[in-house]
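J.: Encoded as structure tokens, here's the structure I'll be asking about.
The values are calculated or read from the model by the stated rules, or taken from the named source; none is laboratory data. Predicted, not measured: the structure shown is a model, and the values here were computed from it. No Cβ is skipped: glycine too gets one built from the backbone with ideal geometry, and neighbour counts run over all protein chains shown. Just so you know, the surface numbers come from the protein's heavy atoms only, side chains and all, with ligands and any DNA or RNA stripped out. Shrake-Rupley method; radii C 1.70, N 1.55, O 1.52, S 1.80 Å.
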Amino acid sequence: MTKKPLTYLLAGVVIVVMAFLLMYRPLYTNPGHMEEPSVKPLTSAATSDTAADDSKGNSPEAEMKSLAELVVEYGDLRLIDAHNHDASGFTYARMMKTWKQDGVDRIVLFGDVSEPSAIGTDEISWNAYQEAPGQFIPFFSGINLLDESGLQAAKDNLEKGYFGIGEIAAASTNSPVLANVAWKTKDPMDGILPKIYKLCAEYKTPVLLHVDPPSGEPVRKLEEALEDNPDTTFIFAHINAYNSPDNVEYLLKKHPNLYADFFAGFTASNPESANRLDDFVSVIKQFPDRFLLSTDSGYGLPGGEEKAIEGMYRLIDALGDRRIAQQVAGGNLERLIRMQPATKTQLEALRKAGNLPGMEKDLSSLTKEEAGKLLLDKKQE
């Protein structure tokens, strides 16, 4: 072989090798400066923006409506938070903007539970009602359930114009907040509770009971109270917390004077919940006139009270029935408020006040809510 052909051969080999290296250069360059391949691996943890967008369509979280979207969709419903502790620490003042933004129309307001400090937070809830009677529905909890004096305190508050008793600790073993409060009873038939129930029947006022655990002896005693007081309206606080749909259905089916305070945020967002909102939908549809929605001020939820408000909307959305949704969202609670007659104390105060707008109607037919508004109008003159 001559020298020139050999030179041509070597040159050809070099050209082929260089072409090979150029074609597959990404495989051999420094990893710290590796160029992206033209087709991006969707299985890689470091996916592209396009891959991330593609995956969103298959994600339940991505398909879930935002709170803002739910408020727009269901903002025409009258939404009432049936269980709220924001009288404690005057928290309600800081929540006003959130309630307006999220379409919460009215709030059943109280504060501390079954302990002396609750007397003070009861007064705060009353003052909030005086400031905004169309927004706040005051309940009270500051009564000694272990002493006869508590019965008179309860009667005085009902005469004054409070719309309900509670939340009160009728039984608590597991709650880190209520298991050791001073005025807690051992079960729903302990202390002066049987007399409180009779008082509630007289005033047509609901009583909101904390009962934990929601099974065993505490619930057996609750059933005894329900059966002994058929004219009293009982509300089982956060009935869905650590409880099953079957148990809730059993209690509501057996006891027509029992209402269910449904803490939707617990089921929707608390990792300790064993159920989903959908699990309760069939039960709610069986008893649409006996469910009340609440936030429990967001207790135990990452995201707090606003997350609990979101839970209420998610339950409304899950129902898929606007008529039932309105009952559960606020209609049932307002019915319990509007069925309460004006008290003797209210009527006497109105008679002393003389002629007021609305006084042309027979005072004996006034409701507690109507009488309270008339008295507030007089006070603001």
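J.: Can you list residues whose amide H is under 5 Å from Phe291's amide H, if they're 5+ apart or on another chain and H is modeled 1.01 Å from N?
T.: Amide H neighbours of Phe291, under 5 Å, 5+ apart: Ala260.
J.: Another question, if that's okay. Could you tell me the ratio Rg/Rh of the stretch 99-157? Both radii from Cα atoms, Rh via Kirkwood. Present the calculation step by step, with values, prior to reporting the outcome.
T.: Details: Rg = 13.0 Å, Rh = 12.2 Å.
The Rg/Rh ratio comes out at 1.07.
J.: Which value, in Å², gives the accessible area per residue of the stretch 70-218 when a 1.4 Å probe is used on the protein heavy atoms?
T.: Numbers: 5490 Å² over 149 residues.
With all protein chains present, the stretch 70-218 gives 37 Å² per residue.
J.: Suppose each label sits 7 Å from its Cα in the direction of the beta carbon; what would the Glu131-Gln380 distance come out to in nanometres?
T.: Those two pseudo-labels are separated by 1.4 nm.
J.: Another question about this same structure. Starting from the 7 Å offset along Cα-to-Cβ, what nm value, one decimal, do you get for the label separation of Ala274 and Lys344?
T.: 4.9
J.: OK, next. Given C-alpha coordinates of the stretch 133-276, what is the ratio Rg to Rh with the Kirkwood estimate of Rh?
T.: Working: Rg = 14.8 Å, Rh = 15.5 Å.
Rg/Rh: 0.96.
J.: Spelling out what I want: for every residue of the stretch 313-330, take phi, set θ = phi - 60°, compute 6.51 cos²θ - 1.76 cosθ + 1.60 (Karplus), and round to whole Hz; glycine and proline get x.
T.: The phi angles translate into 5, 5, 5, 4, 5, 5, 5, x, 8, 5, 5, 5, 4, 5, 4, 6, 5, x Hz.
J.: Roughly speaking, what is the centre-to-centre gap between the stretch 302-381 and the stretch 97-174 when only Cα atoms are used, to the nearest Å?
T.: Each part's Cα centre sits 14 Å from the other's.
J.: Let me ask another. Can you give the charge dipole size of the stretch 63-182 about its Cα centre, rounded to the nearest 20 debye, using +1 on the beta carbon of Lys and Arg and -1 on the beta carbon of Asp and Glu? Intermediate results must be reported in sequence, preceding the final value.
T.: Values: 8 positive and 18 negative charges, 40 e Å.
Charge dipole, the stretch 63-182, about its Cα centre: 200 debye, nearest 20.
J.: Counting every Cα pair in the stretch 289-351, what percent are over 20 Å apart?
T.: Details: 905 of 1953 pairs.
Pairs farther apart than 20 Å: 46 percent.
J.: Heavy atoms only, probe 1.4 Å: what % of the accessible area of the stretch 63-215 goes to carbon and sulfur, would you let me know?
T.: Details: 3160 of 5870 Å².
Carbon plus sulfur share of accessible area: 54 percent.
J.: Compactness ratio of the stretch 62-219: Cα Rg over 2.2 N^0.38 Å, N = residue count? Please report the intermediate quantities before stating the final value.
T.: Working: Rg = 16.9 Å, N = 158, 2.2 N^0.38 = 15.1 Å.
That works out to 1.12 for the stretch 62-219.
J.: Further question: Between beta-carbons, use under 9 Å as the cut-off and find the net charge around Arg78, counting Lys and Arg +1, Asp and Glu -1.
T.: Values: positive: Arg106; negative: Asp76, Asp105, Glu334.
Here the count lands on -2.
J.: Hey, could you get me the Stokes-Einstein D for the stretch 239-340, Kirkwood radius over alpha-carbon pairs, 37 °C and 0.692 mPa s, rounded to whole µm² s⁻¹?
T.: Numbers: Rh = 13.6 Å.
Translational diffusion coefficient: 242 µm²/s.
J.: Just need log10 I(q)/I(0) for the stretch 233-281 at q = 0.15, 0.17, 0.32 Å⁻¹, Debye formula, equal scatterers on the alpha-carbon atoms, no solvent, rounded to two decimals.
T.: Evaluating at q = 0.15, 0.17, 0.32 Å⁻¹ gives log10 I(q)/I(0) of -0.36, -0.46, -1.28.
J.: Where Lys and Arg each count +1 and Asp and Glu each count -1, what net charge lies around Pro341 among other residues with Cβ under 13 Å from its Cβ? Intermediate results must be reported in sequence, preceding the final value.
T.: Working: positive: Lys204, Arg338, Lys344, Lys368; negative: Glu159, Glu202, Asp362, Glu369, Glu370.
Local net charge: -1.
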